[in-house]
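Presented below is the structure to which this report refers.
Each value in this text was obtained by applying a stated rule to the coordinates, not by laboratory testing. Since the model is a prediction, treat every value here as computed from it, not as a measurement. Glycine gets a Cβ as well: all are built from the backbone with ideal geometry, and neighbour counts include every protein chain shown.
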Amino acid sequence: MPDMPDSAAPRGARLHPAVAGGTVPSDAAPYDAVLCDIDGVLRHWPATGGLDAEYGLPPGALAAAAFAPVRLHPAITGEVTDGEWRAAVAADLAEICGSADRARAAVAAWSALVPLVDREAVALLTRARGVVSVALVSNATTRLEQDLARQGLDGLADTVVNTARIGVAKPDPRVYRIAAGRVGTLPHRCLFVDDTAANVTAARAAGMTAVHYRGPEDLRAALAPLLSGTAGPEPRAAAT
């Protein structure tokens, strides 16, 4: 089980230098930190329909097995590792696949999928980090850090709040307190961005300004008060 940190800022946590005694006074910046979801905002996973067909599964079977609450929740709260989660999904699919080996092959192929990174979102957060602290906050498994490094996203933020490492997942209110503490500020000084409505509602209940992300224009609009005075061209929408 992961350790459960308290909601206070960890030792050494501090505001971004531009806010804490730097070039932007705290009372002049609309926020002290941007807290951003990963999947559905920064990166987008391909559909699994082709794999279902390739391995003789009914449409949607792979995703249904992987994201069933009984399987997913332990994985995103650190009760099981990423590898244990995927092994359990394969076991659940063995009968419908016709053999355990075929089920493991299907899960291995699914595990090898690579998400598309939204380069506009990356550019926007990079610019925001020049003004305030940035945290990535994700309901994720223990593989998240490896995945971020593989796609060059491990240096995008000041901190990554992986729910598998803290023992609770969004929309649990503790996630928002922990995330604010990681960047050394209070919830009401945070801008939170997520593509899941329930997570946005919970962030607002925690006192944050929260944006329900539906497309790049939402992130552009949310960050505009921070970026209006920063240098650099406006990024173009792109995914690679």
Calculate the length of the line joining the C-alpha centroid of the stretch 154-189 to that of the stretch 41-98, in whole Å.
26
Could you rank the peptides 66-72, 137-143, 169-175 by their average count of other C-beta atoms within 10 Å per residue, with the highest value first?
137-143, 169-175, 66-72
If packing is taken as the average count of other Cβ atoms within 10 Å, what order do 211-223, 42-54 fall into, highest mean first?
211-223, 42-54
Amide hydrogen neighbours beyond the local backbone of Val134, cut-off 5 Å, H modeled:
Val34, Asp158, Thr159
Determine by what factor the alpha-carbon radius of gyration of the stretch 49-111 differs from 2.2 N^0.38 Å, reporting the quotient.
1.03
Enumerate the amide H contacts of Thr141 below 5 Å, restricted to partners 5 or more residues apart or on another chain; note that Pro and chain-start residues carry no placed amide H.
none
Given R₀ = 35 Å, FRET efficiency for Leu186-Ala109 by Cβ-Cβ distance, to 0.05?
0.20
